[in-house]
Amino acid sequence: MAVSDTQSVDSQHALGDSTAVGQLVSQMRHAIEDGQLRPGDKVATLRSLAEQYDISFDAARGAIARLESMGYLTRKRGSGTFVAHWQRNQASNTLSLPLQKQRNQTVAMLLDNKVHHYGRFYDHLIDCLQLGGYGSSVFTWRHGWGDAEMMPVLQKLDENPPHAIVVQQIEGGRYYEQLNAIAQKHGIRVVCSFLANHPMPEGWHSVLSDSRTASAMATRHLLDHGHQRIGLVLHQRHVDPFEPASMRKRWTGHSSYILGAGDEVKRDDKRHVLSMYYNQRIDKITGADASHPINRALALQWLKSPDCPTAFIGEDFRLAALLQVAKENNIQLPDNFELVGIGNTPWSSLMNFSSVWLREDLAAQHVINLIQMNDALFDSANHRIMLQPQLVKRP
């Protein structure tokens, strides 16, 4: 199976396409239901539809794929796309579409209970689903869940299979095999979403943030500002016993952030000190909470150290906790002290430091595009979309 690697597109264009898809779907549905388009009528070409409705070619293609999945249209190889045959229910005056074309138009989302990047991604995703006419069911999981919590979720998906499943990493991929069996049984599309880093089963598709590039962007920004001592604030990750040994080593402690920062430091001719500072993991549920008293005490030690860096990189909420500790303890920070966060969340905006935006808005749009894609195109490749981050500078 081929692999399709796709770069992100402009967010306004992407979200505009989503609105255009929803509008064209609505207009064509009404035309079919009102009898303006009759069963067997040939639908205009994608290019003609794009010109007629003043939308992009991709938006026209997405709308036709959506109507086809709903059963309103049918595609005949070599002939084109036609209005599907249906019968009108005289009692309710509604359409009865071909059973073989009807699909559950619900998208199930298995999401992390964490906030920051994840929460904003799913807010964008739900908005896009509503524009596309999809319903949604949300299953929130926690680190530390076992069979008692996860098996009922899998059972619900098996009993009432959705059109698609959007999933983040779940306990190191422990339940991917069971989830994949359900997907194959019912023909469910599976898209691994924003920040899902674990290896996926064959046939799954992914939309991922490029955290290594994000870290490299943050580091380059600080190097250009003359910083020679840079600290990375990371989390002490729980090592899941169900993960392969290679994965435990690979993903322990935000390795992509370390690699991205190291890439930029190596490219610079000057000598630099790149230090790692870890928020301690409290327990399996709490995780490495930066605001926990244990980690606040660690942050105070870092800031009081004579070797304290003049700049830090880390997720927004970790750097915000660092600033809060400095303020509460009246620590005088150097004039050139600087932070660059990862995430561009309200934390960085509120506390006025630069941050790298991981583009969760584009992640949501690409997920919708994969869900709406026609079957032939969807099944032709493993679509792996890596989003290009963007540095948001603040004074």
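Of the listed requirements (1) under 26 Å from SER275 (Cβ atoms); (2) in contact (Cβ under 8 Å) with a residue 60 or more places away in the chain; (3) aliphatic (A, V, I, L, M), ILE331 misses just one: (2). Among the conditions (1) over 30 Å from CYS128 (Cβ atoms); (2) part of a loop (DSSP other than H, G, I, E, B), the only one that ASN344 does not satisfy is (1). Scanning segment 201-236 for residues that are over 24 Å from VAL265 (Cα atoms) and free of Cβ contacts under 8 Å to residues at least 60 places away in the same chain gives a single hit, PRO201. Residues being of a type in the set (S, T, N, Q), within 30 Å of LEU49 (Cβ to Cβ) and at pLDDT below 70 are represented in segment 102-119 by at least one member.
When HIS238 is tested against (1) at pLDDT 90 or above; (2) part of a loop (DSSP other than H, G, I, E, B); (3) not hydroxyl-bearing (Ser, Thr, Tyr), exactly one condition is not met: (1).
Scanning segment 336-395 for residues that are among the basic types (Lys, Arg) and in contact (Cβ under 8 Å) with a residue 60 or more places away in the chain returns ARG359, ARG384, LYS393. With respect to ARG296, determine if the residue is basic (Lys, Arg), within 18 Å of SER275 (Cβ to Cβ) and modelled with pLDDT of 90 or more. So ARG296 fails the test. Quick test of your reading of the structure: TYR257 fulfils all but one of (1) at pLDDT below 90; (2) surrounded by fewer than 21 Cβ atoms within 10 Å (Cβ to Cβ); (3) among the aromatic types (Phe, Trp, Tyr). Name the failing condition by number. All conditions are met except number (2). Screening SER69 on (1) among the hydroxyl-bearing types (Ser, Thr, Tyr); (2) modelled with pLDDT under 75; (3) touching a Phe, Trp or Tyr at 6+ places or on another chain (Cβ under 8 Å) shows it passes everything except condition (3).
Within segment 362-387, the set of residues being closer than 19 Å to ASP123 by Cβ and within 11 Å of the chain's Cα centre (by Cα) comprises LEU362, ALA363, ALA364, GLN365, HIS366, VAL367, ILE368, LEU387.
Residue under question is ILE294, and the condition is that it be more than 23 Å from LEU223 (Cα to Cα) and within 21 Å of the chain's Cα centre (by Cα); does it hold? Spelling it out, it is not the case that ILE294 is more than 23 Å from LEU223 (Cα to Cα) and within 21 Å of the chain's Cα centre (by Cα).
Per-residue answers, yes or no, for (1) of a type in the set (S, T, N, Q); (2) modelled with pLDDT of 95 or more:
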| site | (1), (2) |
| --- | --- |
| GLN324 | yes, yes |
| VAL356 | no, yes |
| ALA364 | no, no |
| ILE371 | no, no |
| PHE378 | no, no |
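Residues in segment 315-348 that are in contact with a helix residue (DSSP H, G or I) (Cβ under 8 Å, 6 or more places away or on another chain) and on the phi > 0 side of the Ramachandran plot: GLY343, ASN344. For first residues located in segment 282-299 and outside the structural domain of GLU149 (by TED's automatic domain parsing), partners that are at pLDDT 90 or above and charged (D, E, K, R) and lie 6+ apart or on another chain with Cβ distances below 6 Å form the pairs ALA290/ARG318.
When segment 350-362 is filtered for residues that are in a helix (DSSP H, G or I) and buried (at least 24 other Cβ atoms within 10 Å of the Cβ), the ones remaining, listed by number, are GLU360, LEU362.
The values are calculated or read from the model by the stated rules, or taken from the named source; none is laboratory data. What you see is a predicted model, and the numbers here were worked out from it, not measured in a lab. Because the Cβ atoms are built from the backbone with ideal geometry, glycine has one as well, and the counts that use them run over all protein chains shown.
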